[in-house]
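*Asks:* Just passing along the structure, written as structure tokens.
The values are calculated or read from the model by the stated rules, or taken from the named source; none is laboratory data. Every value quoted in this text rests on a predicted model; they were computed, and no experiment measured them. FYI the Cβ positions are ideal-geometry reconstructions off the backbone, even for glycines, and counts take in every protein chain you see. SASA here: full protein model, heavy atoms, side chains in, ligands and nucleic acids out. Shrake-Rupley method; radii C 1.70, N 1.55, O 1.52, S 1.80 Å.
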Amino acid sequence: GAGVGAFALAMFHVVTHAFFKGLLFLCSGSVIHAMSGEQDMRKMGGLRKKLPITFITMLIGALALAGIIPFAGWWSKDAILANVFARAHETHEALYYSLYAFGVVGAFCTAFYSFRLIGLTFFGECRAAEDVKHHIHESPPTMTMPLLVLAFLSVTGGWVLAGALPDFLHYPQPPQDAHAQHVHHLNLVVTTLAAFGGMLLALYIYAGKGKVPNPEKSRHPLVSLSWNKFGVELFYDKIVTAAFTLLAEVLHLLVDVLLIDTLLVNGTAFATRTAGGRSGTKRCGCI
């Protein structure tokens, strides 16, 4: 949102994220608590019957994160994508069309991995070890009450803040003429198809077949991509981390070794020793 000048919409998305991302993190803690510390989704499955509150609230969080109407995530995500799409229609610049395409692909991938989580955790047969199965139970009220509060905000927070937050931030609302309505409806169709497409594909792969697909043998590229975290971790390890390591080495050589150690520390000591030596020689000559 901020990248196209819609700072209020970016803030709106941050606020709605506070609801459903906080909800998803706490739901994950509830699942881990129920599974006696187990965090591998391949060793879960079928938990919706034993963890009904955690299941419903985590499902709400996943729907909001995926941008499904009318949950909080849809209100903010759709507003940002609609703004980018409108800017592309106004300027006809390839940059904005590219940004919009990346946004739609991101929305699809987000919906896919959100419901990969739901499918592996709550559907199919329970794949936990026998000693873990006997201890699976819903979390106590001290853990489930915050889930219910955040789930309520993940459902209602979007439409409550949709007008209030931009007004509070003095963000001018775009004109709602016939062209703007056409752009809005077209964006709505595209983003809805992307969100539901990712959601249904994930449920088909991870919940419909009743078994965990092998990422090395699966024919679905999204299975391998999601298993490998869409390449984000590899990108950071190979590109971002390598770039920062190289920068750190260069700064170490230029700043620490050359500037501080050689010029300032050793250079100051050398200059002081040289000046002292010359001063002592002159004094000896005078005497």
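*Asks:* Rounded, prolate or oblate: which fits the range 122-162, taking a ≥ b ≥ c as square roots of the Cα gyration tensor eigenvalues, rounded meaning a/c under 1.5, else prolate when a/b beats b/c?
*Replies:* Cα axes put the range 122-162 in the oblate bin.
*Asks:* Please work out the average accessible area per residue across the range 3-97, using the 1.4 Å probe convention, and give it in Å².
*Replies:* 42
*Asks:* So how much slack lies between F25 and A101, counting 0.36 nm per residue of separation and subtracting their Cα-Cα distance, in nm?
*Replies:* Full-extension gain reported as 24.5 nm.
*Asks:* Calculate how large, on average over all directions, the projected area of the Cα convex hull of the range 101-149 is; give the answer in nm² to one decimal.
*Replies:* 5.3
*Asks:* Which order do S139, S36 take when ranked by solvent-accessible area (1.4 Å probe, heavy atoms of all protein chains), largest first?
*Replies:* Of S139, S36, the descending order of accessible area is S36, S139.
*Asks:* If you filter the range 70-125 for GluC sites (Glu not before Pro), then keep DSSP loop positions with at most 13 other Cβ within 10 Å, what is left?
*Replies:* Those that pass, being in a loop and sparsely packed, are E93, E125.
*Asks:* Using the Karplus curve 6.51 cos²θ - 1.76 cosθ + 1.60 with θ = phi - 60°, work out ³J(HN,Hα) for each residue of the range 24-35 in order, rounded to whole Hz, and write x for Gly and Pro.
*Replies:* 5, 5, 5, 5, 4, x, 5, 5, 4, 4, 5, 8
*Asks:* Quick check for you: which residues of the range 234-254 have the amide N under 14 Å from the point 7 Å beyond the Cα of T262 toward its beta carbon?
*Replies:* Label zone hits: 250-254.
*Asks:* Ignoring ligands, DNA and RNA, what percent of the accessible area of the range 34-165 is carbon or sulfur (1.4 Å)?
*Replies:* 69
*Asks:* Could you tell me whether the range 43-150 comes out rounded, prolate or oblate from its Cα gyration tensor? Rule is a ≥ b ≥ c as square roots of the eigenvalues, rounded for a/c under 1.5, then prolate if a/b exceeds b/c, otherwise oblate.
*Replies:* Judged from the Cα gyration tensor, the range 43-150 comes out prolate (a/c at least 1.5, a/b above b/c).
*Asks:* In addition: Going from most exposed to least, what order do D78, D40, D261 have by accessible area with a 1.4 Å probe?
*Replies:* Per-residue accessible area, sorted high to low, gives D261, D40, D78.
*Asks:* When only DSSP loop residues count, what trypsin sites (Lys or Arg not before Pro) in the range 48-87 have their Cβ near at most 10 other Cβ atoms within 10 Å?
*Replies:* K49
*Asks:* Oh, and also: Under the rule of at least 5 residues apart or a separate chain, name every residue whose amide H is placed under 5 Å from the amide H of L47.
*Replies:* F122, F123
*Asks:* Roughly how large, in nm² to one decimal, is the mean projection of the convex hull of the alpha-carbon atoms in the range 29-72?
*Replies:* Computing the convex hull of the Cα atoms and averaging its projections yields 3.5 nm².
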